[in-house]
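First up is the structure itself, then whatever we jot down about it.
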Amino acid sequence: MNFKESLHKFANKMKALWKTGKIQLASRITYDVVWGVVLFFLIIGFIGAFFIGGIGAGYFASLVKDEPIPSAAEMEKEIYNYEETSKLYFANDVYIGDVRSDLYREKTTLDKISPMLTDAVIATEDEYFRVHHGVVPKAIIRALLQEVLNTSVQSGGSTLTQQLIKNQILTNEVSFERKAKEILLALRLEQFFDKDEILQAYLNIIPYGRDASGRNIAGIQTAAKGIFGINASDVNLAQAAYLAGLPQSPSAYTPFKNGGGLKDEAGVQLGIDRMKTVLYRMHDMEYITEEQYNEAVNYDIVADFTGEVDSPNETYPYLTTEVEARAKTIIRNVLAEEAGYTMEDLRNTEGLLDEYNGLADRALRMNGYEIHTTINKEIYEKFQDVAMNFTQYGPDKMTTITTKDGQTQIQQSVQASGVLIENHTGKIISFLGGRGFNEDNQINYMTRPRSNGSTMKPLLAYAPAMEKGIVQPGTPIADIPTSWGRYTPGNFDLRFHGILSARDNLTNSYNIPALKTYDRIMNDNPVDQYLRKMGITTLGNDEYANLSLAIGGTSTGVTLEENTNAYATFANSGQFVDAYMIEKITTVDGDVIYQHQSEPVPVFSPQTSYLTIDMMRDVISEGSAAYLNSQLKYRNVDWAGKTGTSQNTNDVLFVASNPNVTFGAWIGYKTPDSLVCESCDLHHTNRNIKLWAALVNAASDLNPELMAPAEQFARPDGIVEQSYCSISGMLPSDLCAQAGLVKTDLFNAKFVPTQRDDSLITGKQVIVNGRSVLAGAKTPAEFVQGNGLTFNPEFLKRNGYDRLSDLSLLFPPAERSKWEKIGIPSSKIGNSVSDDGQAPGAPTSVTKSGSNLTWKIPGSKDVVGYRIYRADNPGGQFKKIGQTTSTSYSIGNGTGVYHVKAVDYFGLESAGSTEVAVGEPKVDQPEEPEKVEGEKPEEASEDGTTEETSEEVNKDTPPADENAENSDTQ
């Protein structure tokens, strides 16, 4: 039987069987059984699912039952409460850099982020971001199963929304409770925020590893700048993919090492592989084409990595450190004030000051403030450049210091600082903090208290005394040996300079006149009355009672900033304006939390200020800072200033003002040591002045309008010129005019002298040892010079000069010849000319020179003149032919034998000098009796000289004092 026949036979059987109904019955039974089984399992499945779901829901509810449901406002506050690095600015909004922080972040907005970058992030981190409502259930289930089954995690279960919640509201804790709260809050967040708001917040908070300098960074804008050196809006596709891949493992994928610089090739390759994964996902989701994918995969991303860049703290270490410190203080005060605390509360409540210092430090580094300073970028950078290249600081030095282990030596270099302040605003335009900021040298010497030396004299002595009318520029003050108890100060040149005006004493920086001036006002506490008003804060409450404070003898010192700021008061017509460096502080949204407001404080009258300025002009023109004139590039600027040197020459300063600015400079060692250098080309004062000038010249080149104004200090009303007697400071008398000691100076019109000078009287005088003194009762009349000038004993007593053992100490070296013609009163003779009861020694070295007989002064100190004797021949009788107060006498062309005798103040005559034979002496001449002492020869003229020699005698001048010389200055 063939196959066809068999198939036909089978079909017939099946047809017959169908007709019987048995097949239908069997199929129905099978169907019912299978459906029943399926239905059973479906029912069991649904019941199980509902049961498990109920359990899961209950468990979920138990996990989040204690989680408060935040409002929209509360969630907004939390989401946007991310750390942002504060920024620093030079004047005129010129960016300096970021405040030092553990994490650097720069906020940006979505419109400033490349669309390629947002696509790369979505493709990599959350492909369903645009459509889900905060969570993706299947991703959560997948992650849950992986956790339960302990399988490796193939992909994360968190959406961008969940990651935002985790970073900003919750913690990184790994637990079901935290995950449940994350899901709940993510769902709620999506109700309040749109997708762009969520994406923008995410891109600002997510960590991105490290930048080229090794700093930890967060936020897409910071990452783009820190890794590629460009803005997030300017990245290309490869760069976008690289950045989008970093958040999965920032420390692994970042191309930079902890300390900055690129990782090795293997370390860099991890980030590149991750970039390729991101590009694959972008291509898979059709964000990019095949061509774009291939081009980006083969892109040399390494070539785009930015090089290591110095942080602002490395570029401007003194500046950033100082600005941060000042900003922190301001922020602390703002935060405390917002909390209702005063500065007194902070100081007096235990722990409160530390608490708010900590809060301020955190706010400074995390709140994204913009801190705007007064510092001029160009001038500041130029200051650092000048200081670096300056070569006249002086030598490095080995200094001996005492430690707990005994004495040791340290090597140190000369440090330097400077500060430039605008007078009328108080703005700190620029400063020099030191030489070489490093781990071992982080001191800003502008703010470190040191002795200010003689720069204290105008601030504490002369200006306050002028304000009180006690002195004026022309007031005579005697620079003579003076003691206050055991305190016996001297001058830098180890000399005394007699009676000089306050102006001259300040010009040459003599100490004793400044101390005398301060002594007259000290009990009024000038520190509180004046210095504190000028911003000097470092002095103790009772320090005013220390006399040496007037010349810089402080217990703690004064900062260069405060010292310079105080000088600006004089340039500001007596109004103190506190110096400042922070102009304003704003939030990231532009809200101003601090704006500096200057509040001038009246300290001195305009008249006192101008007189002080005018006196300090002389310091530069002819005094201790005269070296400056050869160093200034801009010569016609009206500068007025003062030098200062501290005890043991440990500190050297110079501060000067022009109508616009005041600038101070300092040099010294970190551990105080002497700046004296015998081998240096320049004196220590001039080394500092040279630095001062170099900095000022550089700033003047950059901004001559500010630094080199054409106008002079304006002379206020109430300033008059007045003549006075330079001996007493009183109105000139005829006798003072006769002495040639009338001078003219500027005065405050309120304090011009009103009484006539009484320092001089008239009387007969003789010259004793080069000094004019009143003739005594026994003084030979032939040597008396007539009715001359003499100090008034009452004047001497009134000023305490009568206690001097030597009144010639009052004679200023520059005018000594005038002062020596003034006689000393008889009341002082006992002290000035002592009667030893012995005749003076005979003149020595008598010789004939031309037509003159000359000799040398004998050793006696009380000689008032000389008598000249002549004999016709050797052994003959000598007779007096004349007298003189000089050491020469004209004998014409006559012949004879001569000798000379010295006569003292008390009329005693010495033995004759050695004889001098002139020409051919006569012989056998009748002897004539020697003239009686004091007897006037017949041929003598009225003034006591012979007629034939009167002309010569009139030309005689007293011998110069060998100690008279001009004083040195520093």
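The values are calculated or read from the model by the stated rules, or taken from the named source; none is laboratory data. Keep in mind it's a predicted model, so treat the numbers as computed, not measured. Positions of Cβ are generated from backbone atoms using ideal geometry, with glycine treated the same way; all protein chains shown enter the neighbour counts.
Quick notes on this structure:
The rows are residues; the columns are (1) in contact (Cβ under 8 Å) with a residue 12 or more places away in the chain; (2) assigned to a loop (DSSP other than H, G, I, E, B); (3) out of contact with any Asp or Glu (no Cβ under 7 Å at 6 or more places or on another chain); (4) surrounded by 15 or more Cβ atoms within 10 Å (Cβ to Cβ).
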{"position": "Glu583", "(1), (2), (3), (4)": "yes, no, yes, yes"}
{"position": "Thr608", "(1), (2), (3), (4)": "yes, no, no, yes"}
{"position": "Ser624", "(1), (2), (3), (4)": "yes, yes, yes, yes"}
{"position": "Thr643", "(1), (2), (3), (4)": "yes, no, yes, yes"}
{"position": "Val652", "(1), (2), (3), (4)": "yes, no, yes, yes"}
{"position": "Pro659", "(1), (2), (3), (4)": "yes, yes, no, yes"}
{"position": "Glu678", "(1), (2), (3), (4)": "no, yes, yes, no"}
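- Filtering Asn686, Asn748 for residues that are modelled with pLDDT of 95 or more and within 30 Å of Ser630 (Cα to Cα) leaves a single hit, Asn686.
- Residue, surrounded by the most Cβ atoms within 10 Å (Cβ to Cβ), within the stretch 891-916, restricted to residues that are of a type outside the set (A, V, I, L, M, F, W, C) and under 13 Å from Tyr866 (Cβ atoms): Asp904
- Candidates Glu295, Glu286 - the one that is on the phi > 0 side of the Ramachandran plot, of a type in the set (D, E, K, R) and outside the structural domain of Thr447 (by TED's automatic domain parsing): Glu286
- Residue in the stretch 934-954 that is closer than 30 Å to Phe496 by Cβ, outside the structural domain of Ala814 (by TED's automatic domain parsing) and either outside any loop (DSSP other than H, G, I, E, B) or at pLDDT below 90 (or both) present: no
- For Arg450, the conditions (1) out of contact with any Gly (no Cβ under 7 Å at 6 or more places or on another chain); (2) at pLDDT 95 or above all hold with the exception of (1).
- Residue list for the stretch 107-140, filter: in contact (Cβ under 8 Å) with a residue 60 or more places away in the chain, in contact with a helix residue (DSSP H, G or I) (Cβ under 7 Å, 6 or more places away or on another chain) and part of a loop (DSSP other than H, G, I, E, B): Lys107, Thr108, Thr109, Ile113, Ser114, Phe129, Arg130
- Identity of the residue in the stretch 626-641, closer than 22 Å to Leu706 by Cα and not in a loop (DSSP other than H, G, I, E, B), that ends up nearest to the chain's Cα centre (by Cα): Gly641
- Among the residues of the stretch 804-814, those identified as in contact (Cβ under 8 Å) with a residue 40 or more places away in the chain and surrounded by fewer than 17 Cβ atoms within 10 Å (Cβ to Cβ) are Leu809, Ala814.
The rows are residues; the columns are (1) over 19 Å from the mean Cα position of the chain (by Cα); (2) within 30 Å of Lys87 (Cα to Cα); (3) among the β-branched types (Val, Ile, Thr); (4) in the same structural domain as His424 (by TED's automatic domain parsing).
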residue	(1), (2), (3), (4)
Gly535	no, yes, no, yes
Asp542	yes, no, no, yes
Leu549	yes, no, no, yes
Thr559	no, yes, yes, yes
Ala566	no, no, no, yes
Asp578	no, yes, no, yes
Gln597	yes, yes, no, yes
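- Subset of the stretch 426-440 [surrounded by 16 or more Cβ atoms within 10 Å (Cβ to Cβ) and either out of contact with any strand residue (DSSP E or B) (no Cβ under 7 Å at 6 or more places or on another chain) or not in a loop (DSSP other than H, G, I, E, B) (or both)]: Lys427, Ile428, Ile429, Ser430, Phe431, Leu432, Phe437
- Single residue of the stretch 260-278 satisfying the filter (over 21 Å from Thr124 (Cβ atoms) and touching a Gly at 6+ places or on another chain (Cβ under 8 Å)) that is surrounded by the fewest Cβ atoms within 10 Å (Cβ to Cβ): Gly261
- Members of the stretch 224-259 that are of a type in the set (Asp, Glu) and free of Cβ contacts under 8 Å to residues at least 40 places away in the same chain: none
- Of the helices (runs of 4 or more DSSP H) lying entirely inside the stretch 704-802, those containing at least 2 residues that are within 48 Å of the chain's Cα centre (by Cα) and buried (at least 17 other Cβ atoms within 10 Å of the Cβ) span 704-707, 793-798.
- Scanning the stretch 252-288 for residues that are touching a strand residue (DSSP E or B) at 6+ places or on another chain (Cβ under 9 Å), at pLDDT 90 or above, of a type outside the set (Ser, Thr, Tyr) and not in a helix (DSSP H, G or I) yields a count of 5.
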